[in-house]
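Shown next, in structure tokens, is the structure this report addresses.
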Amino acid sequence: MRKHHPRASAKLACLAALLVALSCGGSSPTASSSPAAHFPVTVTAPDGTSVTVEHQPHRIVSLSATGTEMLFAIGAGAQVVAVDDTSNYPANAPITKLSAFQPNLEAIAGYTPDLVVASDDIGGLVHGMQAINVPILIEPAAKTVDDSYSQIKQLGTVTGHQTEADALVAKMRSQIKAFVALVGHPSRQLKVYHELDNTYYSATSATFIGQMYALLGVSNIADSATGGAPDYPQLSAEFIVSSNPDLIVLADTKCCNQNLTTVASRPGWGVISAVKSGQVVNVDDDIASRWGPRLIDFLQAIAPHVQQLEKQAA
């Protein structure tokens with residue numbers, strides 16, 4: 001029988017206390033107001049494009065679910081008049097039928113926006129907004145946590161909420177640092193398989209998802225896949241089984257109804273360490289796929305399992 005590290009129980013107690021504090025405190029900064037913002041402002045989008053906003057916007061259209069979460073988290077929610085149909089958080093976000101994947105330029109223009117936020121330039125979106133002199137800021141999926149911080153700060157700048165954006169970033173940095181300190185680095189190399197859907201698409205360490213695991217000292221099996229995409233490769237069942245992950249994180253619980261039972265019933269998967277030990281974690285699909293303030297909620301979902309595995313290995 002393994003003996004547990006003498007500090008393990010204390011660390012677990014600390015982690016439990018941190019989870020309670022985070023669940024009470026949430027991911028949004030305390031409401032405050034920025035000093036009078038000075039416009040016009042110019043920011044450089046991730047693709048290198050300069051975007052100038054002449055006046056503080058009061059009719060923002062967000063075609064990015066993550067962008068919507070960021071805008072509300074920095075106190076710019078009252079300035080948002082429309083969002084795309086995947087923006088389902090927070091609950092007080094406006095509801096529309098706008099599509100981010102097939103943008104209807106006429107429908108977007110119908111909201112008379114003075115700023116559009118999107119994650120991709122699809123269907124001539126940028127050209128269409130420029131044609132009617134509406135500034136548009138494209139904030140694509142972050143590759144790192146620092147990218148997420150940068151986007152939050154940019155949105156703070158262009159909406160006149162820089163103080164709140166800075167406060168949110170500071171809070172996220174502090175919370176992530178606390179998680180990393182409490183979990184520590186496992187005494188043996190733990191392996192994780194992150195599942196995006198039930199056709200075995202995953203995320204490598206070249207993504208913001210993979211960086212969360214790296215921060216916790218966990219090895220990502222998708223990094224060893226050959227011939228796949230460097231960011232979101234499709235793995236094979238045989239590769240996953242042979243990699244024998246200690247932890248399986250299911251980010252397809254809503255889209256594909258996956259859970260420990262469905263995973264255990266897959267042919268050959270019963271031999272995987274994570275399945276045998278029950279370390280198959282359900283994470284809300286949206287929380288696991290958005291790179292905004294709820295990155296903290298994602299860490300909150302997986303950190304206790306990493307900690308438990310570390311305790312078992314001690």
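Given a cut-off of 26 Å, what percent of all Cα-Cα pairs of segment 194-314 lie beyond it?
Numbers: 813 of 7260 pairs.
In whole percent, the long-distance tail amounts to 11.
For segment 98-159 and segment 262-314, what is the separation of their Cα centres, given in Å?
Their Cα centres are 33 Å away from one another.
State, to one decimal in nm, how far the label point of H127 lies from the label point of A181, with both points 7 Å from Cα in the Cβ direction.
5.2
Over all directions, how big on average is the projection of the convex hull of the alpha-carbon atoms in segment 102-156, in square nanometres? Can you show the working numbers first?
Details: hull surface 16.0 nm².
Across all orientations, segment 102-156 yields a mean hull projection of 4.0 nm².
When the convex hull of the Cα atoms of the chain is projected onto a plane and the area is averaged over all directions, what value comes out in nm²?
The orientation-averaged projected area of the Cα hull of the chain comes to 16.9 nm².
What percent does the relative contact order of segment 105-157 come to when contacts are Cα pairs within less than 8 Å and at least six residues apart? Could the numbers behind the result be given before it?
On the way: 37 pairs, mean separation 18.2, N = 53.
34 percent.
Based on the Kirkwood radius over alpha-carbon pairs, what is the Stokes-Einstein translational diffusion coefficient of segment 187-256 at 10 °C with 1.306 mPa s viscosity, in µm²/s?
Values: Rh = 12.0 Å.
It comes out at roughly 133 µm²/s.
Order of H55, H38 from fewest to most other C-beta atoms within 10 Å?
H38, H55
Show me, bin by bin at 10 Å from 0, the whole-percent P(r) of segment 144-217 based on Cα pairs.
17, 36, 30, 15, 2
How fast does segment 72-171 diffuse by Stokes-Einstein, in µm²/s, taking the Kirkwood radius from C-alpha pairs at 20 °C and 1.002 mPa s?
Reported coefficient: 150 µm²/s.
Rounded to the nearest 5, what is the percent of antiparallel bridges among the DSSP beta bridges in the chain? Intermediate results must be reported in sequence, preceding the final value.
Values: 5 of 25 bridges.
For the chain, the DSSP antiparallel bridge percentage is about 20.
List the residue ranges in the chain for DSSP H helices whose C-alpha atoms run 24 angstrom or more along the long axis and whose Kyte-Doolittle average is -0.5 or above.
8-25, 162-183, 295-313
What net charge do the residues around I287 carry, taking every other residue with its C-beta under 9 Å from that of I287, with Lys and Arg at +1 and Asp and Glu at -1?
On the way: positive: R290, R294; negative: D284, D285, D286, D297.
Neighbourhood net charge equals -2.
To the nearest 500 deg cm²/dmol, what mean residue ellipticity at 222 nm is calculated for the chain from DSSP H runs of n ≥ 4 alone, each contributing -39,500 (n - 2.57), summed and divided by the residues?
Details: 12 runs with 125 residues, N = 314.
Taking each H run of at least 4 residues, the total per residue is -12000 deg cm²/dmol.
Quickly work out the E106-to-D47 label distance, labels modelled 7 Å from Cα along the C-beta direction, and quote it in nm with one decimal.
Inter-label distance under the simple model: 2.5 nm.
For segment 139-178, compute Rg over Rh where Rg is the Cα radius of gyration and Rh is the Kirkwood radius from the inverse mean 1/r over Cα pairs.
0.99
Over all directions, what mean area does the Cα convex hull of segment 112-243 project, stated in square nanometres?
Hull-based average projected area comes out at 10.7 nm².
Each value in this text was obtained by applying a stated rule to the coordinates, not by laboratory testing. Note that this is a predicted model, so its numbers are computed, not measured. Positions of Cβ are generated from backbone atoms using ideal geometry, with glycine treated the same way; all protein chains shown enter the neighbour counts.
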